[in-house]
1. Considering just Cα atoms, how many Å³ per residue does the convex hull of the range 1-55 enclose?
2. Arranged by the count of other C-beta atoms within 10 angstrom, fewest first, what order do Ser29, Ser137, Ser97 take?
3. Roughly what would the spin-label model give for Val106 and Lys35, points 7 Å off Cα along C-beta, in nm?
4. Which order results if Trp194, Trp270, Trp89 are arranged by neighbouring Cβ count within 10 Å, fewest first?
5. Compute a Gaussian network model of the chain, connecting alpha carbons closer than 10 Å, and tell me which residue from Asp75, Asp272, Asp132 fluctuates the most.
6. In vacuum, with every alpha carbon of the range 71-115 counted as one equal point scatterer, what does the Debye formula give for log10 I(q)/I(0) at q = 0.21 Å⁻¹? Two decimals, please.
7. Write down the radius of gyration of the range 46-141 and its Dmax, each obtained from C-alpha positions, in Å.
8. In whole angstrom, and with the biggest value first, how far do the Cα coordinates of the range 68-196 range along each principal axis?
Amino acid sequence: MIITKKRIRSLDLYLGSIKVGQKFYVGISDTEANKELLKKIGFTKGLQPNTSVLPAIIGPVTRFNAEGRQVKRKDLPMETAYRIVEWHWTEWHGKDSIEKSDFKEVPYNRYQRDFISPSSVELTLTATTNGDLILVSPMLEKTGSNDQDIIAAINVVLEIFKQCEIFTEDLSRIITAPIQRLNWKILPEGEMPWKKMQTHLTPLVEKASKGNQPVIENRLETINKYTPDFAAIGDGGFSGYVIFGFKEKNVYTLESIYYGNATYVFGEAWEDLSKKTKAEILDNNLQKARIVHRNGWHDNIEKLLAKKATKTK
């Protein structure tokens, strides 16, 4: 079965032949003809079996799939929120002047928001027993109560490839092997001066609005001055995120370029963390701490990263 629409809103016309309890996949079979699109969504190392990505954002569906959505609650009283801005001023010392700058917290009123978690559908390249390389979603099951989850997976594929195929559970004949996620680009390990680190991070920072770029760059530079052992830049649907690893302290910080976010602090081994999906990382309270991007952020980062590592017996 092949669906060729921009988006579907109901399963009735497309999965009517699939019974409740039946398992299936959605995806595409012609991966060779879609090599450029596959590269665009995160398969940057070529078409390798048993590799998986959270697709990069190319439209509203993949944006929600990667980032979720905030819904304004106009039925509730407004709340006070805060933004950090770069502030410049001139100090006069007699006839001499000194240009100075700092970061200032500015309050403003806004509607309260409800956060809707992303669907976080990952796509996997996998080879069938006859050697065909296909792209599939995680296995889905029609239960009668999960229509929206299935629609989300189909619409992700439709937005990227303009068509979506439905595969039966016979794909259990696919050669099973551990899945390697391609969601992170690991930078060279070891101490990296900011000027050198900056060359890797500038393309990332430039994705943010110009007004927020100095604030974001300052946060990244602040964390980097504590000499992390390595850094990893998010790819595909993880684009916009940077992990700094401090192995001796067993601290791994996840920093985001997206405004209004926070620095997530993990104590989990990087190898385990990198194998998790975005939903698992952000939605399952795996973090040891969450340092909100507000006044006091620099002090909290110093308390976290300037401390000596705790020796384990």
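We did not get these values from a lab; they are worked out from the coordinates using the rules stated. Keep in mind the model is a prediction, meaning the values are calculated, not measured. Ideal geometry is used to build each Cβ from the backbone, glycine not excepted, and the neighbour counts take in all protein chains shown.
1. That works out to 128 Å³ per residue.
2. Ser97, Ser29, Ser137
3. 4.9 nm
4. In increasing order of surrounding Cβ atoms, one gets Trp89, Trp194, Trp270.
5. Asp75
6. For the requested q values the scattering log ratios are -0.75.
7. Spelled out, the Cα radius of gyration and Dmax of the range 46-141 are 24.4, 82 Å.
8. Computed over the range 68-196, the largest-to-smallest principal extents equal 82, 51, 25 Å.
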